[in-house]
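Worksheet: one structure, shown below.
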Amino acid sequence: MRWGYVTHMGQITSLYVYRVVSEASPGVETRDLVEGLGLNPDGPIDPSQMVSSPDYYRFFADLEARDPDGLNLPLRIGASMQADEYGAFGLAWKSAPDLRGSYNRAERYARVLSSVEVYELEPTDGGAYYKLLKEGDGSRGMQLSNEASLSAVTEISDQISTAEFTPDAIFFKHAPRGPVEAYEAHFGCPVHFEDERDALLVSEALLSAPNKLGDATIAQFFDRHLEQELAAIADSVSLDQRVRIAVAKALSEGVPPVSDIASSLGMSARTLQRRLSDQGYSFQVVVDLARKDLAQKLLTETDYSLAEIAFLTGFSEQSGFTRAFKRWAGQTPRSYRLG
C-alpha cells in the first residue's frame, strides 16, 4: 500500500511542538504559531497533550519558512532530543538490553506519542533497516517532520548505546531541501533521497551492542506501563473508527474480509460483528464509509488518477468506483475533485 495520504485525523504529541520552537534561530517569532495550535507558548510541556497531525505539519512548514537556517532546523531539533523527555516511552528505550530491543519497543509503543508514526525493523544482510512508516499528506511539513524523526532516532540511539552510534546510511522518500552534503555532515554517513523508504540502515554490531542502562526488570516495568497506555488509547477511539482505519489501510489489496480486520483488532469476527451491531453498524456499512472517506481524501489531497484511486479504494475497475462514488457523494469523482 502506498503511503503519503491521510487515512484519518492523526494526533502527535505536543512535546514535539515545544522542541521545534526551542530550536528556532534567534529572533524568529514563534509564539503566534504555538498559540495557533491551542497551546500555551510558555508551557507546561505535557507529552500526553496532542495536536492534529495536519496542524502540526502546517506549523512546522510555517516555522521553516520564517527561519533563516530552515535547512538545518529539523536536523537540529532531532539532535536536541533527550530520551528522558519521552516519559515512559524513552525510559523503555533506555532500559532495553540493546538497540534491537529499543527499536522493537518503539515499533510496539510509538502509538503513545503519535497515531501517525509507526516504526518497523526490517532485517537485511549485515543489519537492518529501521523504517519510519508515517501516514500523512506528503506535504513540506511532513517531510520536515520525517527528517526530525530520523535525526532524533540517531541522537537517542547514540545516547543510550555503549557503542558509538553512526548509521551505515540514511534514506528519505522526498527530494533534498538543500545540499546533500549538509545532511551527510549532520548524520555522518551517506544520505540518499527520493528512495522507496524513510529509514536508517543499522549494522548488526550496533543493533546487538548493549545499552548503557539495559536492565530486564526495569524494561518489563515500563513495558507494563506502556501496555496500559496503549489500552487507554484504544478505548478512547470508537470501534467503528478503528475498523474504518484498519479497512482503509488494507484497501489497496482489495476489500479485506471481516476475519482479517477482526484479527488485527485482537478479536474474533463474530465478536467484531456483534460489537458493531451494538453500535448500530454492520461491517459492510463501515467498509463503505472507509472507502468513501479514503476516496474523498485522495481526490482532494493527491494528484492520483481516477484509475489509481479506484485501485487504492479496493475497486477492480474504475467504472465500479465511479458508480459507488456517485452513490456516496451525489456526483462523479471528477466533478468532486474539480469542486
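Quick notes
- Computed [θ] at 222 nm, helices only, for the chain once each DSSP H run of length n ≥ 4 contributes -39500 (n - 2.57): -16000 deg cm²/dmol
- Annotation: lysines with alpha-carbon distance below 21 angstrom to residue 134 (same-chain offsets under eight excluded): 173, 249, 297.
- Solvent accessible area, Å² - residue 186, 1.4 Å probe, full protein context: 70
- Backbone phi angles across region 314-327, fed through the Karplus curve with coefficients 6.51, -1.76 and 1.60 (θ = phi - 60°), yield HN-Hα couplings of x, 9, 7, 9, 5, 4, x, 4, 4, 4, 5, 5, 4, 5 Hz in residue order; Gly and Pro are listed as x.
- For residue 161, the amide hydrogen comes within under 5 Å of the amide hydrogens of 212, counting only partners 5 or more places away or on other chains and with H modelled in the peptide plane.
- Helix axis angle, 239-250 relative to the chain longest principal axis, alpha carbon, degrees: 80
- Distances between placed amide hydrogens fall under 5 Å for residue 11 paired with 53, 115, 116, all partners being 5 or more residues away or on another chain.
- Straight-line reach from residue 131: taking Cα to Cα under 14 Å and skipping same-chain neighbours fewer than 8 places apart, the aspartates and glutamates in range are 107, 117, 120, 122, 147, 168, 195, 196, 198.
- The angle between the Cα long axis of helix 283-301 and the main principal axis of the chain comes to about 60°, on a 0 to 90 degree scale.
- Accessible surface, 1.4 Å probe, highest first, among residues 56, 304: 304, 56
- Kirkwood radius for the chain, taken over all pairs of different Cα atoms as the inverse mean of 1/r, rounds to 21.5 Å.
- Distance distribution P(r), region 149-193, all Cα-Cα pairs, bin width 10 angstrom from 0: 27, 54, 17, 2 percent.
- Between the helical axis of 269-278 and the longest alpha-carbon principal axis of the chain there is an angle of about 70 degrees.
- Of the peptides 162-172, 34-44, the order by per-residue mean of other Cβ atoms within 10 Å, starting with the highest, comes out as 162-172, 34-44.
- Calculated from backbone phi, Karplus (6.51, -1.76, 1.60) coupling profile of region 46-63 in Hz, x at Gly/Pro: 10, x, 7, 7, 10, 10, 6, 4, x, 5, 5, 5, 5, 4, 5, 5, 5, 5
- Whole-Hz ³J(HN,Hα) from phi, Karplus 6.51 cos²θ - 1.76 cosθ + 1.60, for region 183-192, glycine and proline x: 5, 5, 5, 6, 7, x, 7, x, 10, 10
The values are calculated or read from the model by the stated rules, or taken from the named source; none is laboratory data. Small disclaimer: the values here were computed from a predicted structure and weren't measured. Ideal geometry is used to build each Cβ from the backbone, glycine not excepted, and the neighbour counts take in all protein chains shown. Calculation scope for accessible area: heavy atoms of the full protein, side chains included, ligands and nucleic acids excluded. Shrake-Rupley method; radii C 1.70, N 1.55, O 1.52, S 1.80 Å.
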